[in-house]
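The values are calculated or read from the model by the stated rules, or taken from the named source; none is laboratory data. Just so you know, these numbers come straight off a predicted model, no measurement behind them. Cβ coordinates were reconstructed from backbone atoms using ideal geometry, including for glycine residues, and neighbour counts include every protein chain displayed. Just so you know, the surface numbers come from the protein's heavy atoms only, side chains and all, with ligands and any DNA or RNA stripped out. Shrake-Rupley method; radii C 1.70, N 1.55, O 1.52, S 1.80 Å.
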Amino acid sequence: MGGLQLEQANVRYNIPVSSASRPTVKSLGLRGICCISLTNLDGSPASHQVLQPVAYHLGLRLQSLCLGGGGPTEASSVALILGCPARRFLDLSGCNSLFMLGMLLAQPKTAQRGQQALSGLRELSLASLRDLTNLSFNRLGSCVLSLERLSLAYCHLTFEPGPARGSIGPQDSSPSQLSSCSLLQFVKEQAGRPLHTLGLSGTGLPSEALQTLGQVAGLPLQELSLHSCRDLSTEAVATLCHQQPGLTFLDLSGCSELADGALLAVSWGLRRLWHLSLRKLQRLTDARCSALGGLRELQSLDVGHGRVLPGERAGIDPGPGLGVRSSTPTGLPRPGLLLLTQAHQVRSDTHQYKNIGASFCRPCGSFLLPVGLEPWAEPS
């Protein structure tokens, strides 16, 4: 029985919401299913009639609930959220209808129930919300005191420099938009608590804001996603590596301003790193890629669709006798070009890297089974 419960906990059931879904929900409840994703949600009576039995049949044991991308009404969704006290994962990504009016958890009684229902929440995704405001975010933030992972990927965040470098005064924040002031305040309040993962990809996070977040006392980050934060500077990443040496997962894909200095800072400062994504970085040289050999814990490396400029030596030296499988014809478009996108394993003379992305490379590694790397399901 214990093995069956573990298997069910690791499987998410996708339920297309329709008038025919109610028997399915009841059946899943009888089987003790605890992870579900509801699709095709909208404000129709049919969706409302499905959410009610979800709370009734699954609510008490439900640990993972995904409403991502749907358009449910605020009232029916809040009732479902409050009816699942055991939930550890909540995905509201793309549910703009919940935040359009800015009234989520606005009533005192509802907010009090929210604090009780969300007190055990470990992971919260608020990705791709165009209508997320300071008020809504602050209300949710006050309820999730045990949060470990937060994603705000591709949300509309505002960044306004305040009197201090990288800071924003509360008086400068617009109540109609989520600002970095509210994010910083939330992070400060979480200091000393379990929060260790932030997904900030596609938010346009500037260098000053990253440095301010990184220096929050009592916030030992382990995972940080900054995909497509194109304004980040090499200096900001270097500072982050000094501020947060415990990072084990770092995604810098699409941060187009980053150059060799960022790679060196990562290789020197983040010795515990096991996943590093450098996709679509055009300004790295292969001479500096050799510094990655110092990351002895590194298991997953993705440098796909990037242009590694000519340098003094190859970035990854696997030793003799290892073949290459490339998805493009042999022969380099230009000297020193190195593009990595999809592969399973690269061996070096001193290390073995797993889950390496590669689409084209010169003969300097062993590229085997393709594998996709898309943490937090963020757009590539």
| Test result for SER19, assigned to a helix (DSSP H, G or I) and either open to solvent by 10 Å² or more (accessible area, probe 1.4 Å) or modelled with pLDDT under 90 (or both) | no
| said: Among (1) surrounded by 22 or more Cβ atoms within 10 Å (Cβ to Cβ); (2) touching a residue at least 40 places away in the same chain (Cβ under 8 Å); (3) not in a loop (DSSP other than H, G, I, E, B), there is one condition SER201 misses while meeting the rest; what is its number? | reply: (3)
| task | Would you please list the contacts, defined by Cβ atoms under 7 Å and residues six or more apart or on different chains, that run from a residue in segment 11-25 that is free of Cβ contacts under 8 Å to residues at least 24 places away in the same chain to a residue that is open to solvent by less than 60 Å² (accessible area, probe 1.4 Å)? | result | THR24/ILE15
| query | Which of (1) outside any loop (DSSP other than H, G, I, E, B); (2) at pLDDT 90 or above is the odd one out, the single condition LEU121 does not satisfy? | reply | (1)
| Leading residue by the ranking (most open to solvent (accessible area, probe 1.4 Å)) among those in segment 143-157 that are at pLDDT 95 or above and part of a strand (DSSP E or B) | ARG149
| query | In segment 186-198, which residue that is in a loop (DSSP other than H, G, I, E, B) and at pLDDT below 95 is most open to solvent (accessible area, probe 1.4 Å)? | reply | ARG193
